[in-house]
Structure formats: structure tokens, C-alpha cells
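The values are calculated or read from the model by the stated rules, or taken from the named source; none is laboratory data. Just so you know, these numbers come straight off a predicted model, no measurement behind them. Don't worry about glycine lacking a Cβ; one is built from the backbone with ideal geometry, like all the others, and counts go over all protein chains shown. Note: accessible area is taken over every heavy atom of the protein model, side chains too, but ligands, DNA and RNA are not part of it. Shrake-Rupley method; radii C 1.70, N 1.55, O 1.52, S 1.80 Å.
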There are 2 protein chains.
Amino acid sequence: MAMDKPVPRTRIQKKNIARISEAALSVFSTYGFRGSTVDQIAKQAKLSKPNLLYYFPSKEAIHTHLLSTLMDTWLDPLRALDDNGDPLEEILTYMRRKLQMSRDHPRESRLFANEIVQGAPRILTLLETDLKQLVDQKAAVIAGWMDQGRIARADPHHLIFSIWSLTQHYADFDVQVHAVLGPEKPDPYPEAEAYLVTLFTRMLTP
Amino acid sequence: MAMDKPVPRTRIQKKNIARISEAALSVFSTYGFRGSTVDQIAKQAKLSKPNLLYYFPSKEAIHTHLLSTLMDTWLDPLRALDDNGDPLEEILTYMRRKLQMSRDHPRESRLFANEIVQGAPRILTLLETDLKQLVDQKAAVIAGWMDQGRIARADPHHLIFSIWSLTQHYADFDVQVHAVLGPEKPDPYPEAEAYLVTLFTRMLTP
DNA sequence: CGTGGCTTTGACCAAAAGGTCAAAAGGATT
DNA sequence: AATCCTTTTGACCTTTTGGTCAAAGCCACG
């Protein structure tokens with residue numbers, strides 16, 4: 001299970017690993033793991049296939065590398081949820097950050113979406129340990145706020161799920177959103193943000 | 001682009017097409033189109049590969065067959081949204097039906113999710129015509145209710161998106177939900193429904 | 001400017017994949 | 001039971017795919 005070459009050494013390695021990661025992100029996020037081919041990734045990275053496999057030992061290694069790199073970034077907004085902040089403001093900020101990630105990093109969102117929809121075979125353990133622990137902890141913080149009557153009551157775990165689903169929807173189902181809104185509304189994000197702020201404000205105001 | 005054999009004739013055909021559809025639903029919903037193989041589907045349907053290809057001319061034909069069969073079922077709950085009903089009750093009922101579909105037909109939900117996340121190459125047109133038209137129509141109904149002050153204001157299109165994302169999340173991201181909630185909570189749906197009823201009630205009560 | 005390690009490549013392989021076909025087997029109808 | 005149509009299959013073909021390898025090219029440093 002050794003993954004090799006996780007840390008770039010020379011500047012050529014740095015450059016090529018970055019190109020491969022970038023290309024792999026595009027390809028994997030569009031076709032899922034099994035639907036993607038090494039050739040495709042190599043072509044997008046403008047490397048020959050053997051050259052690509054010089055940097056990563058296998059297709060799976062590239063995928064795992066992406067996933068583990070991303071996991072941290074992905075959880076950062078939730079980590080930033082501050083016990084000592086204003087409850088509603090903290091939750092709205094978290095929601096806004098997640099929405100921004102959907103807008104600015106839709107491929108990353110879709111990479112995760114593909115992985116999870118397909119049963120998360122490669123990150124299930126991560127979800128059951130790191131993710132669960134973080135969510136449990138933040139859910140407790142939110143429950144505390146509710147106990148103090150500073151925001152209205154609602155199941156904290158499902159509250160977090162709802163932030164995930166509502167924000168990631170705009171990245172993962174982007175095509176559908178655009179199909180429904182039509183070409184005269186090319187950027188749904190301003191309305192989405194306004195809508196979500198209203199939603200969470202109304203729901204959480206005591 | 002002819003798809004052949006859409007309607008079963010003999011009872012053997014009926015049986016085998018049903019078995020193929022069932023197997024294909026499982027496989028496609030788990031691996032996406034490109035990640036699925038005809039062998040896999042044939043094996044699950046307990047047919048030989050050539051035998052399967054006697055009923056459908058190609059892998060793509062099976063996929064298209066599933067997708068178009070499902071599309072109707074999928075939109076039924078939204079079609080049922082009644083202009084003359086009680087606004088909040090109508091929206092809650094729609095939400096509940098969608099949630100029930102996530103619980104009872106998670107594979108169907110994931111089949112769509114896979115297709116959309118990967119850019120909806122095979123149903124984009126459907127989305128831009130049928131789906132858009134239906135959504136626009138129902139959004140107008142909801143906007144009407146808001147104009148009459150019977151429910152609180154919020155962007156109707158994004159309201160519909162939020163019902164989709166919140167309910168489908170429990171089917172599409174099922175693995176994640178279970179990983180976070182842990183094994184002692186094997187059925188998240190009762191809490192999910194309670195949470196979503198609260199959410200939409202608070203948001204839409206004037 | 002030459003040497004040693006890093007990088008790149010063309011040629012190649014075995015396995016997997018989508019799909020074809022002719023012939024055999026099975027079913028229903030007379 | 002003879003016949004005709006439907007169904008099933010084994011063998012086969014081509015393309016794609018993940019991955020290997022030895023040899024060639026390149027680069028930095030002494």
C-alpha cells in the first residue's frame with residue numbers, strides 16, 4: 001500500500017506532480033475512478049503514459065493522493081466554526097465558505113461526490129474516524145448553543161448535513177442547475193447565497 | 001440511435017428484460033456508466049453476455065433505457081404539487097415524497113446523481129426541456145403563493161433546488177451519513193424527516 | 001566537459017472490455 | 001412430431017487499458 005513520491009524533491013518533480021494532480025483532478029472528477037483512464041490523465045498533463053507512471057506507481061495512487069490532499073482543505077471550514085463566536089453568524093459563515101468552495105473548486109467537490117456516491121471504497125475509514133470525530137465535536141458545540149437558547153432547536157447532525165448538501169449541490173449538480181435556470185442566468189451563486197442565508201436565518205432565529 | 005426492444009413481447013422477454021434492468025440499475029448506480037461493464041451486468045442478471053446483448057443492442061442502450069424509464073417516476077412528486085392545496089402542506093408533502101424516494105429507491109437516485117455529476121451527457125436535453133419546463137411552471141405556482149402572502153418569500157427555483165439536494169443527499173451520500181452517524185443509528189430517516197419538516201416550516205411560515 | 005543520477009520514451013504485454021456470429025437448444029403452434 | 005420462431009451459447013475479434021522495461025536523453029555539479 002506504499003504510495004511513493006508523496007513529497008516532490010527536485011523542481012522538475014514539483015512541476016510534473018502538480019501537472020499530474022491538476023489533470024487527474026479534472027479527469028477523475030468528471031468520470032469517477034473506474035471511468036477514468038491513465039492515458040486520459042497523461043494526455044491532459046501533456047506527459048507520456050510511462051512518464052506519468054514514473055511519478056505515481058499506479059492509477060490508484062494518483063487518486064488516493066488527490067483524495068488525501070483534498071480531505072484537509074475540505075474540512076477546514078468546519079474546523080473554523082468557533083465555539084466563542086455568535087452562533088448564527090458562525091453557522092452562516094460556515095455555510096458561506098462551503099458555498100464559496102463549491103463555486104471556486106467545483107472539481108474537488110465532484111471528486112468527492114463521485115467517490116461517496118460510489119460507496120467511498122477508498123476513504124470510508126477516513127469518514128468513520130476523522131470526519132465523524134470532527135462532526136460530533138462541532139455538533140456538540142451547536143447543541144450547546146441551542147441549550148442556551150441562542151439559536152432555535154434542530155438536530156445538529158442533520159443541520160450540518162443540510163449545509164453540506166445545500167452548498168455542494170451547486171457544484172455537483174451544476175449542469176442541472178444551469179439546465180433549469182437557463183442560459184440567461186449563467187451565475188446562480190448570488191441568488192443561491194441570498195436564499196441560503198434567508199433559509200438558515202429563519203430556521204435558526206429563536 | 002434506435003434503441004430496440006423497448007417493449008417486452010413474450011414472457012421470456014419480459015422476465016429477462018426485467019432482470020437486466022434490475023441488474024443494470026445496481027451496477028450503473030454503483031460505478032457510473034463508464035465504470036460499469038457489460039460482463040458485470042450480465043453476471044448479476046445471471047445471463048451470458050451475448051444473451052444480454054440479444055435483448056439490448058449495446059451497453060449504452062441499457063443505460064438510456066433505465067434513464068428514460070426513471071425520468072418520469074422521478075418527476076411525479078413535483079407534478080403532484082397542487083396549485084389549489086394548502087401551500088405549506090403541498091411543499092412539505094413534496095419534500096416528504098422525495099425523501100421517501102431516497103429511502104425506497106436509493107439506487108435510482110444514485111443513477112441520476114452519477115449521470116448529473118459526470119455532466120449528464122445522455123440526458124442534458126431532457127433537463128433543458130422537460131425538467132426546466134416543469135420546474136418553471138411549479139416555481140410560478142409557488143411564487144403565486146408568496147405573492148398572496150400565504151407563505152414567506154424566498155426564491156422559488158432555489159427552494160425547489162433545496163428540496164432536491166436535502167432529500168437526495170440521504171440516498172446519494174448514504175455512506176457518508178452512516179459513517180458520521182455511526183452504527184448505533186442505522187436508520188437516519190425519522191430524524192431527517194423531522195429536521196426537514198422543521199426547516200421548511202420555519203422558513204416558509206410568514 | 002564528463003560523469004552520475006534523474007527524466008523521458010518507444011516498444012511491448014497481458015488482461016479486460018464491447019461486441020459479433022453461426023450454430024445449437026428450446027418453445028409453442030399446428 | 002414436425003415446423004418455425006425465439007432464445008442461448010461458445011468461440012472469436014478488435015480495441016482499450018493498466019502497467020513494464022531497457023535504452024536513450026537530459027541536467028546539474030564537480
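Beyond 21 Å between alpha-carbons counts as too far, so tell me which of A:K98/A:K132; A:K98/B:K98; B:K98/B:K138; A:K132/B:K185; B:K15/B:K46; A:K185/B:K138 fall in that bin.
Correct reply: A:K98/B:K98.
Using a simple spin-label model with points 7 Å from Cα along the Cα→Cβ vector, what separation in nm is obtained for B:Q137 and A:L124?
Between B:Q137 and A:L124, the label points sit 4.3 nm apart.
Could you work out the relative contact order of segment A:1-96? I mean the mean sequence separation of Cα pairs under 8 Å and 6+ apart, divided by the number of residues, in percent.
Result for segment A:1-96 is 27 percent.
Give me a single rounded figure for A:54-64: the average over its residues of other chain Cβ atoms within 10 Å of their Cβ.
Per residue, the number of nearby Cβ atoms from other chains is 0 on average.
Which whole-number percentage describes the relative contact order of segment A:59-206, with Cα contacts under 8 Å and a sequence gap of 6 or more?
33
For the pairing of chain B with chain A, what total accessible surface becomes buried, with a 1.4 angstrom probe, in square angstrom to the nearest 100?
Between B and A, the summed buried area is about 4800 Å².
Can you give the extra length, in nm with one decimal, that the chain gains between A:D187 and A:S58 once fully stretched, where that is 0.36 nm per residue apart less the Cα-Cα distance?
Residue separation times 0.36 nm, minus the Cα-Cα distance, leaves 42.7 nm.
For segment B:3-75 and segment A:102-117, what is the centre-to-centre distance using only Cα atoms, to the nearest Å?
28
Label position 7 Å from Cα toward Cβ: report the copy-to-copy distances for B:N84 in nm, one decimal, ordered from shortest.
Ordered by distance, the counterparts are at 6.0 nm.
Taking a label point 7 Å out from Cα toward Cβ, give me the nm distances from A:R122 to the same spot in the other copies, shortest first, one decimal.
Label point to label point, same position, other copies: 2.3 nm.
Order of B:107-115, B:56-64, B:136-144 by packing, highest average Cβ count within 10 Å first?
Ranked from most to least packed, the peptides come out as B:107-115, B:56-64, B:136-144.
Considering only A:W74, A:L111, A:A143, whose Cα is most displaced toward the positive end of the charge dipole of segment A:32-145, charges sitting on Cβ of Lys, Arg (+1) and Asp, Glu (-1)?
Of the listed residues, the answer is A:L111.
Expected output is a single nm value to one decimal: the length gained when fully extending between B:K49 and B:T205, i.e. 0.36 nm times separation in residues minus the C-alpha distance. What is it?
50.6 nm
Looking only at other chains, what is the average number of their beta-carbon atoms within 10 angstrom of each beta-carbon in A:195-205?
5
Put a label point 7 Å from Cα along the Cβ direction on B:K15, then list its distances to the equivalent points in the other copies in nm, shortest first.
Nearest to farthest, the other copies are at 6.5 nm.
B:K15: net charge of surrounding residues, Cβ under 13 Å, Lys/Arg +1, Asp/Glu -1, itself excluded?
Counting the neighbours of B:K15, the net charge comes to +4.
For peptide B:73-79, how many partner chain Cβ atoms fall within 10 Å of a residue's Cβ, on average?
0
For segment B:62-206, restrict the atom set to alpha-carbon positions and state the Rg and Dmax in Å.
According to the Cα coordinates of segment B:62-206, Rg and Dmax are 15.9, 47 Å.
If one takes the longest principal axis of the Cα atoms in chain B, at what angle in degrees, from 0 to 90 and to the nearest 10, does the Cα axis of helix B:132-147 lie?
Approximately 10 degrees, to the nearest 10.
Which angle from 0 to 90°, rounded to the nearest 10, does the C-alpha axis of helix B:106-117 make with the longest principal axis of chain B?
Around 90 degrees separate the two axes.
Give the ranking of B:W145, A:W74 by solvent-accessible surface, highest area first, calculated with a 1.4 Å probe.
Accessible-area ranking of B:W145, A:W74, largest first: A:W74, B:W145.
Go ahead and estimate [θ] at 222 nm for chain B from helices alone: -39,500 (n - 2.57) per DSSP H run with n ≥ 4, summed, over the residue count, rounded to 500.
-23500 deg cm²/dmol
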